[in-house]
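A quick write-up on the structure given underneath.
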2 protein chains.
Amino acid sequence: MKEKNENNDKKIKIIPLGGLEKIGMNITAFEYEDSIIVVDCGISFPEDDMLGIDLVIPDVSYLVDNKEKVKGFFITHGHEDHIGALPYVLKDLNVPVYATKLTHGLIELKLKEHNLLKKTKRKIVKHGQSINLGGFRVEFIKTNHSIADASALAIHTPAGVIVHTGDFKIDYTPLFGDPIDLQRFAGLGKKGVLALMMDSTNAQRPGFTMSEKLVAKTFNHLFAENKTNRMIVATFASNVDRVQQIINTAFEFGRKVVIQGRSMVNVINIASELGYIKIPENTVIEVEQMKNYQDEKIVIVTTGSQGEAMAALSRMADSTHKTISIKPGDHIIFSSTPIPGNEKAVSKVINELSMKGATVIYQDTHVSGHACQEELKLMYSLLRPQYVIPVHGEYKHLKAQEKLAQEMGTDKSNIFVLQSGNVLQLSKEQGSIIGQVKANEIFVDGLGVGDVGNIVIRDRLVLSENGLIIVVVGIDKHNNQIISGPDVVSRGFVYVREADELMNKIRNVAGRSVEKCINNNISNWGKIKATIKDDMGEFLWKEMKRSPLVMPIIIEINR
Amino acid sequence: MKEKNENNDKKIKIIPLGGLEKIGMNITAFEYEDSIIVVDCGISFPEDDMLGIDLVIPDVSYLVDNKEKVKGFFITHGHEDHIGALPYVLKDLNVPVYATKLTHGLIELKLKEHNLLKKTKRKIVKHGQSINLGGFRVEFIKTNHSIADASALAIHTPAGVIVHTGDFKIDYTPLFGDPIDLQRFAGLGKKGVLALMMDSTNAQRPGFTMSEKLVAKTFNHLFAENKTNRMIVATFASNVDRVQQIINTAFEFGRKVVIQGRSMVNVINIASELGYIKIPENTVIEVEQMKNYQDEKIVIVTTGSQGEAMAALSRMADSTHKTISIKPGDHIIFSSTPIPGNEKAVSKVINELSMKGATVIYQDTHVSGHACQEELKLMYSLLRPQYVIPVHGEYKHLKAQEKLAQEMGTDKSNIFVLQSGNVLQLSKEQGSIIGQVKANEIFVDGLGVGDVGNIVIRDRLVLSENGLIIVVVGIDKHNNQIISGPDVVSRGFVYVREADELMNKIRNVAGRSVEKCINNNISNWGKIKATIKDDMGEFLWKEMKRSPLVMPIIIEINR
């Protein structure tokens, strides 16, 4: 009894550094005394108003400040929102990374691009295996998801066991590999689970996510019905089971497979090297060989299922693809659903493809990778956790998970809907948020990390809405007289060629501003610039209800 | 028999000037000899890549070029995508406008804003009534839609009858007013319909659009279950029947109604003036009076159901609303579904509201205003048209309508999936596309109409992605030497304060460019500018993988 009582005092800290405000950027630190381990390290994609930003990574200041404590990263699966920030973060934190084989392969690909392969210690872990690190033992448990080799983690800590599901669904009949290891979850539940951190993506959806078998059925049906047409299938590059399925169906129907899109080629290469995709001999051909085969002998597997402007399918749709043109009769299968925010882009590609005479199919061609309510309930029944921490979702998803946990018997006071940066402390005796650490978003634009912030983004927003007007004035250094200009240049504002009169008016307004300053003996450039800005802003709003960025430039001339 | 044969020769032209590439901007001209009538005159909302554009209107050059032929506009209903461009177009074409009472009231509101009320002839038409104009007789027929007073038009022409459904659904049990006049459609069908132009919005959806009764049921249920909470209902301002329903439910449960949002206030005012909304005495109160009532006595009806950043509900959600703050316990009903493209914005508002402790409800709280497949099939059965022209939809919707028409027995060669600008000529003997007229999109930005085009938009796109760098160089007019600069200024590029080193490098690159030109005796300013642009572009891409807009400005100084 004594030992048990002692354990009751032990306290573990859970600190999500991202991933709780929207889908993406998953990263959570677990801290016990002088050890920290981190689960996942993902990016998120920029919101519509983050103009020009390529991707968003988490602020890991807390980890860097506690460098000596950080023991390693444990990665649940190989999606961008779980591995994408690793190369950025590992530059500051040189610690080992633990993952299953395919996940590890995808991480290696990233590290290679960033020249971090040699520097970074990595270890491949098998499902069922545990890693001892610092005060923790981390056990990898098989789950199902829309990428192979996905894992839940059972994090054994002195304060108790924390189960982190990663992204998961329950597929009793996956096409490849094993179903989720429900027995192990039951075993953990039997012994007692301190806390459950569970995927909330589909917590608002009733029922059970369909098995991958449904998609297999649809594919078979479509290939059997359209024996004379060229087939083009768009899906997520990372969904290797889906790609395998397409390859198998192609093989069965005697078709050759052409692979399009850089990420599709990369992922298929790695997955087949590691044995996660098996390609029958002579099935995959190069795009150049396509001309040697009739349409009915071809399947093209391509990226672009989200309507991404630069992806292979979008290029085919708008006739900018180097080698593949869409023809009447082509059958194009979207094996995906649009991620929220991409609906219009996907719709655009579908319309373009249809206009070229192609048939576009998007019904029963995809199943979600995330557990719906009945699956989540099953997990609660097996694990019976003391505390619940909804993860992976927007606030509305986390709240839906909270509601579900309550329905399954968890007391509301034992459910923590956290925000990124919260420090949650748990012991068997009690749980509470005891602090807050920095958890910002860092913007990556090109090669720049963090050099674009709110001010820059705000300027981009103004520029994008109304363009800019530059006013250039040359002023004599000695007598403060205008000796050049004001000249007015604009971009993104109006068709200048047809707006002579307007540009003249603008020039006059600027001229009057400067003269007003000179007459009032204002020689402070900041004040002159501010006057030009104000006068111009007022004029433009009155005249045309627009607010372009006005940039006065004063050149001091020494003559 | 003679007369019939004569009629077989008569030819009518149908010329859609917008509305066939996407949802929005509906406008179609019907031309017979020296008469043209126009059905609808709508705007569309800008696509994501039309930066800074407020709205898009159709190019009516064809109508302006044939001014003397144009007899008038017939408007099917009062939605923006059917009436919004009228004030712009009527400036060039002063012809009468025909519409039913509520539609007419909403048009008046627009004309007043644009100072066109006095100048424009208008006539209110009743359902069942016909207007003789030029070679046409236009009959207004009652339909159901998500705005009251919607009409289909039977256009009686010497070549035959053309039925244009407008936007419609079949509601056997509308809450207010009559169901659609199916008997009249049957009568027209019996006598013979030359062509049917039918709403394709929901042509991909099987089944039957639910009746407004469903929403009434949900509202009753929600109000009965949440007697102690403040209720906030967001819906489209133009959906006056829905607003009536909310007011009735409020009255029944003894609540006062507060109306929020400029368009909501406007539309309710007009609708109630014209008798389309009946407000029980003492039911609607001003927002300032709200403090005199307990939460359980209040319903707020608001705009913002599409997540529009400036709308009342969004302001409540992000705490920028002047008078209303969201509190825990508030029940917020979204009586709408997100229009494609708005999903993320709506999601954001829902999350913000939930974070403030409100309960957000969006299930069974809305029904579509457009007919699904079974309704469309019913119309085909009643009308049995010779030709079919799918309207109102993206290409995929039009194609779905085409498929449906074929299933209902129309020969594919008699179905015309048109593009805006096509001139379709129909007679009982044959139908074909005989030409093409101008049918562009014209951008409206602030008060400017058509002064922003592709070049301006392209500049805005570049600016929005990467910002700009301005290089200013002063050159001596006489000896071609640099006497000022190069100075470098940037906006929307990087945090300049933390990028001293980078800005220095950029200045050096610019300096070397100019010197290179001077050393090579290049004095053509265009060439110097191009050199700076090229060198800078190359440097920035190599250094940071970014492509800001580079604007060299050369000042010629006379010293």
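The values are calculated or read from the model by the stated rules, or taken from the named source; none is laboratory data. In this text, all values refer to a predicted model and were calculated from it rather than measured experimentally. Neighbour counts run over all protein chains shown; Cβ positions are idealised from the backbone, glycine included. Note: areas computed on protein heavy atoms with side chains; ligands, DNA, RNA excluded. Shrake-Rupley method; radii C 1.70, N 1.55, O 1.52, S 1.80 Å.
Partner shielding of B:482-495 amounts to 5, given as the average count of beta-carbon atoms from other chains within 10 Å of each residue beta-carbon.
Which of rounded, prolate, oblate describes the stretch B:212-361, given a ≥ b ≥ c as roots of the alpha-carbon gyration tensor eigenvalues and a/c under 1.5 marking rounded, otherwise prolate only if a/b is larger than b/c? Rounded, because the longest to shortest axis ratio a/c is under 1.5. Looking at the stretch A:436-472, none of the trypsin sites (Lys or Arg not before Pro) sits in a DSSP loop with at most 10 other Cβ atoms within 10 Å of its own Cβ.
Peptide packing: for B:377-388, A:127-138, the average count of neighbouring Cβ atoms within 10 Å per residue gives the ranking B:377-388, A:127-138, highest mean first. Couplings for the stretch B:11-25, taken from phi via the Karplus curve 6.51 cos²θ - 1.76 cosθ + 1.60 with θ = phi - 60°, read 10, 10, 9, 10, 10, x, 9, x, x, 9, 9, 7, 6, x, 6 Hz in order; Gly and Pro are left as x. Site pair A:Lys527 and A:Lys403 shows an inter-label distance of 6.1 nm when each label is modelled 7 Å from Cα along Cα→Cβ. Based on Cα contacts under 8 Å between residues 6+ apart, the stretch B:399-465 shows a relative contact order of 16 percent. When A:Asp534 is represented by a point 7 angstrom out along its Cα-to-C-beta vector, the spacings to that point in the other copies are 4.5 nm, nearest first.
Seen against the Cα atoms of chain B and their longest principal axis, helix B:262-273 is set at about 20 degrees. Between A:Gln363 and A:Lys121, what FRET efficiency follows from the Cβ-Cβ distance if R0 is 56 Å, with the result rounded to 0.05? It comes out at approximately 0.75. Averaged per residue, the stretch B:24-153 has 34 square angstrom of accessible surface, using a 1.4 angstrom probe with ligands and nucleic acids left out. Fully extending the segment from A:Gln129 to A:Ser325 would add 65.7 nm, taking 0.36 nm per residue of separation and subtracting the current Cα-Cα distance. Rounded to the nearest 0.05, the FRET efficiency derived from the C-beta distance between B:Glu286 and A:Lys278 at R0 = 51 Å is 0.10. Over all pairs of different C-alpha atoms, the stretch A:119-171 has a mean inverse distance whose reciprocal, the Kirkwood radius, equals 12.0 Å. Rounded to the nearest 100, the interface formed by chains A and B buries 5200 square angstrom of accessible surface, both chains summed, with a 1.4 Å probe. Each other copy holds its own label point for A:Asn520; taking that point as 7 Å from Cα along Cα to Cβ, the gaps run 4.7 nm, nearest first. Helical content alone sets the calculated 222 nm signal of the protein assembly as shown at -10000 deg cm²/dmol, taking -39,500 (n - 2.57) per DSSP H segment of four or more residues and averaging over every residue. The Cα center of the stretch A:456-513 and the Cα center of the stretch B:468-524 differ in position by 19 Å. Divided by 2.2 N^0.38 Å, where N counts the residues, the Cα radius of gyration of the protein assembly as shown comes to 1.03.
Here B:Lys542 is the anchor, and the lysines within straight C-alpha reach of less than 17 Å, apart from those fewer than 8 places off in the same chain, are B:Lys505, B:Lys533.
Here's the picture: a label point sits 7 Å out from the Cα of B:Ser547 along the beta-carbon direction, and within the stretch A:47-84 the residues with their amide nitrogen under 16 Å of it are A:52-54.
Taking the centroid of alpha carbons for each part, the stretch B:76-91 and the stretch A:8-39 are 56 Å apart. Against the longest alpha carbon principal axis of chain A, how many degrees, from 0 to 90 and to the nearest 10, is the axis of helix A:212-225 turned? The answer is roughly 80 degrees. Take the Cα of A:Glu501, step 7 Å toward its Cβ, do the same at B:Lys190, and the gap between the two points is 6.0 nm. Rounded to whole Å, give me the distance from the Cα center of the stretch B:329-343 to that of the stretch A:325-355. After rounding, the separation between the Cα centres reads 26 Å. Normalising the average separation of contacting C-alpha pairs (under 8 angstrom, six or more residues apart) by the number of residues puts the relative contact order of chain B at 16 percent. Secondary structure note: in the protein assembly as shown, about 50% of the DSSP beta bridges are antiparallel.
In terms of overall dimensions, the stretch A:454-557 has a Cα radius of gyration and Dmax of 13.9, 40 angstrom. Accessible surface area normalised per residue over the stretch B:212-361 is 44 Å², counting heavy atoms of protein chains with a 1.4 Å rolling probe.
For A:Asn480 and A:Ser432, a Förster radius of 51 Å and the Cβ-Cβ distance give a FRET efficiency of 0.20, rounded to the nearest 0.05. Size descriptors for chain A, from the alpha-carbon set: Rg then Dmax equal 28.9, 93 Å. Projecting 7 Å from Cα along the Cα-to-Cβ direction, the label point of B:Gly192 sits 8.9 nm from its equivalents in the other copies, listed shortest first. Neighbouring Cβ atoms from other chains, within 10 Å of the Cβ of residues in A:453-460, number 5 on average. Site pair B:Thr173 and A:Asn440 shows an inter-label distance of 5.7 nm when each label is modelled 7 Å from Cα along Cα→Cβ. Please sort by residue number the trypsin sites (Lys or Arg not before Pro) in the stretch B:240-310 whose DSSP state is loop and whose Cβ has at most 14 other Cβ atoms within 10 Å. Taking the stretch B:240-310 and a limit of 14 other Cβ atoms within 10 Å, the loop trypsin sites (Lys or Arg not before Pro) found are B:Lys278. Our summary gives the stretch A:440-559 a relative contact order of 33 percent, counting only alpha carbon pairs under 8 angstrom and 6 or more residues apart. Compared with the dominant principal axis of the Cα atoms in chain B, helix B:373-383 is inclined by about 60°.
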